[in-house]
1. Any chance you could count how many residues in region 26-40 are more than 19 Å from residue 204 (Cα to Cα) and surrounded by 11 or more Cβ atoms within 10 Å (Cβ to Cβ)?
2. Can you name every residue in region 523-536 that is touching a Lys or Arg at 6+ places or on another chain (Cβ under 6 Å) and under 19 Å from residue 477 (Cβ atoms)?
3. Of all residues in region 545-594 being within 18 Å of residue 456 (Cβ to Cβ) and among the basic types (Lys, Arg), which is nearest to the chain's Cα centre (by Cα)?
4. Could you list all residues from region 233-270 that are within 14 Å of residue 221 (Cα to Cα), outside any strand (DSSP E or B) and of a type in the set (A, V, I, L, M)?
5. Which residue, of 503, 436, 443, is modelled with pLDDT of 85 or more and assigned to a loop (DSSP other than H, G, I, E, B)?
6. Got at least one residue in region 244-258 being more than 15 Å from residue 296 (Cα to Cα), in contact (Cβ under 8 Å) with a residue 60 or more places away in the chain and surrounded by fewer than 14 Cβ atoms within 10 Å (Cβ to Cβ)?
7. Looking at (1) in contact (Cβ under 8 Å) with a residue 60 or more places away in the chain; (2) out of contact with any Phe, Trp or Tyr (no Cβ under 9 Å at 6 or more places or on another chain), which is the one condition that is false for residue 167?
Amino acid sequence: MSPKLKVVFVGHVDHGKSTLIGRILVETRSLPPGKIEGLRRACAAKGQTFEYAFVLDALSEEQEQNITIDTTQIQFRSAGRDYVIIDAPGHQEFLKNMITGAASADAAIVVIAADEGAREQSRRHGQLLRLLGIRQIIVAVNKMDLAAFSEERFRQIEMEYAAFLREVGLAARAFIPLSAGNGENVTTSDGRAMPWFAGPSLLSTLDQLEVATSPAELPLRFPIQDVFRMDKRRIFAGRVESGTIRIGDLLVFSPHNKTARVATIERWPGQGAEYASAGESIGITLSDHVFVERGHIASHETDAPAESNRVQAKVFWMGQDPLLVSGRYRLKLVTQDVECQVVGVTNVIDAATLDSASVERSELRTNEVGDVTLQTRVPLVFDNHDSVPSLGRFVLADGEHLLGGGIISGAIYTTRQPIKSENIFWNESAITAERRAAQNGHRGAVVWLTGLSGAGKSTIAAALEKELFQRAMHTYVLDGDNLRHGLNSNLGFSPEDRAENIRRVGEVAKLMADAGTVVITSFISPYRADRQLARESALKAGVEFVEVFVDAPLAVCEERDSKGLYQKARAGLLKGFTGIDAPYEPPEDPEIVVHTHQQAPQESVGQILEDLLPRLRLN
């Protein structure tokens, strides 16, 4: 069975889009038996003239307002293939629904009325189709009967709208003159009304478009929806979003990189199977015992999804209140539901006016589209939208209220070497943390200094290390530059690499503290989520974690800038510099705060020691 082509229909209000869709459904006999007759009888009973647009008038609110208010998906079949029509609204007030509808489309039909020509809304739709990456576009010049089937009028619209599409980087596959009301050139082309047009009908042109790759041919993505215990077996249930899964397959469960083989594939009621493909809801059992829960994503080890705490996406905001930098939301992607925080907003486009701004913004308002960086509290599993669409789309919510949708791009895939997690154990040393502390005379700990560049972190870290060393304590400063010479030499300065840099620092600090060392880290570490992950990693290992906020106003930090970094950032020569064009999130509840613009370095160190030493000393 050939895959269905998803086509989004867009057009200015009253340009005849609903009539066109209704005509296609009727002439391809895609309506349920008796549906069209029932509609004709209902119109006759009300004294109304039947219109093909009534086929789509399923919502009472639509009938009251006489406009399409939501996206509707309808299936039909031509002689050549199966289709899914995505009917997206054209009225400006409901432009957000057009965005959500078009996000999953393979092609688009832009409907323009011949009597009115391309309107501002027609241009907005073209812009949004470009943003969504839809490249197969057909322009249907409708209502040619109202323009006396004039070739001159059609060519004028074709020339003007083709020029506009070129401006935004698009090109239409075809311009087709038609009359949906009269049925001219919709599903057939006899040339009687428009003998000057020798091209195929709209339906024939649709049949010539390329179908997107079938989801079954994409890499395997099997999100776990639930885990059931039946007959002493654990059945992992979910929907195969893409790819094919077979008995005996070695699966990688992300996040955490656990592996296990498929023992059985379960169908309901009580049917087994050798394999299952995209679109099927199934259960599986595993030959190996691993901990898997809702939200984990199964894939094959050779083509695993991306996994990160940092996501770059184009977000379409629909909430009444703006999306705010530093705001916290729920990110829902297939069965994953995680808390996230907005790190940055840029390249904003107003979907209603198409006004754009590439500068860093503090918010994204209703009906705006922007490039948004999100930081999640736990690792998120995802794909680029153009690689695996189902894992490249998400929604943002507050409780049960849907606020926006996002399309992911820029994800970096890494080659994973899955490990057999049941064969890997944490080896507990015979020398416990208590014995190390007894011999050293103090406990190990992670002292995490955070603050803006120029706040005084490095100065305080060096002085604190000296004071602890003079007290015969085992201590060490983890320096960012030193780590980037070795352990982190493969990392750059992208948001993802910065997050990974801090993660590795946290892991190294935890191990050193577990060995009994008082580890002092001196990093800007601008995001709360990154610092929280370091804290959680330490606490899980039983290691003391002390966050020290080295606080100084931005103006003071700029005055101390001996390397001229702030000056370069202000001049636009240094992008993504914390405090200038990248955010810094101050700790919400640090153990210690020192104000270096009010205290000398030794005063700050003394304040830290006053709180820190009791935590390190043995009872």
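The values are calculated or read from the model by the stated rules, or taken from the named source; none is laboratory data. What you see is a predicted model, and the numbers here were worked out from it, not measured in a lab. Reconstructed Cβ throughout: ideal geometry from the backbone, glycine too, with neighbour counts over all protein chains shown.
1. Within region 26-40, the first condition is being more than 19 Å from residue 204 (Cα to Cα), and the residues that meet it are 31-40.
This time we only want the ones that are surrounded by 11 or more Cβ atoms within 10 Å (Cβ to Cβ), so: 31, 35-36, 38-40.
So the answer is 6.
2. Taking region 523-536 as the starting set, the residues that turn out to be touching a Lys or Arg at 6+ places or on another chain (Cβ under 6 Å) are 525, 529.
Answer for region 523-536, where residues must be touching a Lys or Arg at 6+ places or on another chain (Cβ under 6 Å) and under 19 Å from residue 477 (Cβ atoms): just 525.
3. Among those that are within 18 Å of residue 456 (Cβ to Cβ) and among the basic types (Lys, Arg), it is 563.
4. Of everything in region 233-270, just one residue is within 14 Å of residue 221 (Cα to Cα), outside any strand (DSSP E or B) and of a type in the set (A, V, I, L, M), namely 240.
5. Going through 503, 436, 443 in turn, just one is modelled with pLDDT of 85 or more and assigned to a loop (DSSP other than H, G, I, E, B): 443.
6. no
7. With (1) in contact (Cβ under 8 Å) with a residue 60 or more places away in the chain; (2) out of contact with any Phe, Trp or Tyr (no Cβ under 9 Å at 6 or more places or on another chain) applied to residue 167, the lone miss is (1).
So that you can scan it fast, the table gives a plain yes or no per residue for (1) outside any helix (DSSP H, G or I); (2) out of contact with any Lys or Arg (no Cβ under 8 Å at 6 or more places or on another chain); (3) modelled with pLDDT under 65; (4) polar (S, T, N, Q):
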| site | (1), (2), (3), (4) |
| --- | --- |
| 53 | no, yes, no, no |
| 61 | no, yes, yes, no |
| 70 | yes, yes, yes, no |
| 90 | yes, no, yes, no |
| 94 | no, yes, yes, no |
| 104 | yes, no, no, yes |
| 111 | yes, no, no, no |
| 137 | yes, no, no, no |
